[in-house]
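Read the structure below first, then the notes.
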Amino acid sequence: TEGEKVDPESLFARREHYRAEVPVDSCVLTAAVDTQDDRLEIEVKAWVNGEESFDISYERLYGDLSRTEIWDLLHKRLTRQFTSVSGAIHDVKLVLIDSGGHFTDEVYKFSKKYGVRRFIPIKGHSQAGKPVVTFPRKRNEKGVYLTMVGTDTAKEIITSRFRIMTPGEGYMHWPVSEQFDETYFQQLTNERRKIVYRKGRKQIEWDAGGRRNEPFDTAVYNLAAIRLLQQHFGINLTRYRKEGDPTEAPAPIKKRKTGKVHKPAGGWL
């Protein structure tokens with residue numbers, strides 16, 4: 001049977017005008033990378049106390065994932081710095097990279113080349129009750145910390161957070177940006193939670209119905225990243241608290257002499 005679906009338009013309407021690239025000074029940045037046959041999709045999030053999150057960027061890098069060029073570009077994008085309200089510079093603390101597709105070896109190679117404890121390969125487990133993240137005690141036979149992500153559990157948490165309407169614990173922020181357009185929110189909400197019966201037993205499954213859902217996947221991986229930082233890397237999110245209003249009133253639209261509306265530069269890579 002068809003399950004309940006989150007309305008993407010309601011999330012799109014919640015976008016905010018950030019005061020800076022990173023709208024809070026005291027925060028932790030994580031990144032998630034979803035691997036597809038012809039591209040990499042990258043999402044960066046800032047986190048504060050209570051796992052309140054601020055999306056910072058969402059990019060698509062197209063190329064041949066069997067060649068080194070796109071992985072070199074990925075490293076440049078993941079190691080760039082971000083500026084917050086006071087001018088402070090922030091680095092991404094941890095990156096989780098999907099290794100479950102056709103380019104597992106390339107993901108492992110990337111991790112070993114640039115840092116096995118900063119660029120961590122992951123594999124999803126779509127089984128109910130699995131922890132959001134399970135970090136191994138030691139490297140696998142390929143020399144990396146292959147980390148398991150409980151995708152069903154993470155999706156339940158994220159979907160419940162879509163419905164939080166007041167900033168604070170668990171609330172999710174998105175900026176007014178071309179990177180976070182209607183398509184992004186449609187793909188973020190394409191999966192549905194469904195009740196199915198297999199061999200007479202009731203089960204909960206998540207199904208995108210063949211529709212694109214990469215932003216939902218990266219949201220899952222970023223949640224796993226901040227959980228991993230808290231559980232195994234000594235990050236205490238209670239120390240990161242937002243001060244003041246991270247958003248600002250929309251800037252007035254400026255018009256050229258031609259009468260055409262001027263749009264800010266930017267877009268997909």
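The values are calculated or read from the model by the stated rules, or taken from the named source; none is laboratory data. Worth saying up front: this structure is predicted, and the values here are computed from it rather than measured. A quick note on method: Cβ atoms are made from the backbone with ideal geometry, for glycine too, and the neighbour counts reach across all protein chains shown. For accessibility, only protein heavy atoms count, side chains too; no ligands or nucleic acids. Shrake-Rupley method; radii C 1.70, N 1.55, O 1.52, S 1.80 Å.
Annotations
- Extreme residue, surrounded by the most Cβ atoms within 10 Å (Cβ to Cβ), among residues of segment 180-199 that are modelled with pLDDT under 95 and out of contact with any Phe, Trp or Tyr (no Cβ under 9 Å at 6 or more places or on another chain): VAL196
- Scan segment 12-26 for residues that are open to solvent by 10 Å² or more (accessible area, probe 1.4 Å) and in contact with a strand residue (DSSP E or B) (Cβ under 6 Å, 6 or more places away or on another chain) and the total you get is 6.
- Selection over segment 219-269 of residues that are of a type outside the set (Lys, Arg), at pLDDT 50 or above and at negative phi gives a count of 24.
- Considering only residues in segment 157-188 that are among the aromatic types (Phe, Trp, Tyr) and in contact with a strand residue (DSSP E or B) (Cβ under 9 Å, 6 or more places away or on another chain), the one that is farthest from THR247 (Cα to Cα) turns out to be TYR184.
- Selection within segment 75-125 - more than 14 Å from LEU40 (Cβ to Cβ), among the aromatic types (Phe, Trp, Tyr) and surrounded by 19 or more Cβ atoms within 10 Å (Cβ to Cβ): TYR108
- For first residues located in segment 200-226 and open to solvent by 20 Å² or more (accessible area, probe 1.4 Å), partners that are assigned to a helix (DSSP H, G or I) and lie 6+ apart or on another chain with Cβ distances below 6 Å form the pairs TRP206/LYS155; ARG212/GLN187; ASN213/GLN187.
- Any hit, segment 126-145, residues being farther than 13 Å from LEU223 by Cα, exposed (fewer than 15 other Cβ atoms within 10 Å of the Cβ) and of a type in the set (Asp, Glu): yes
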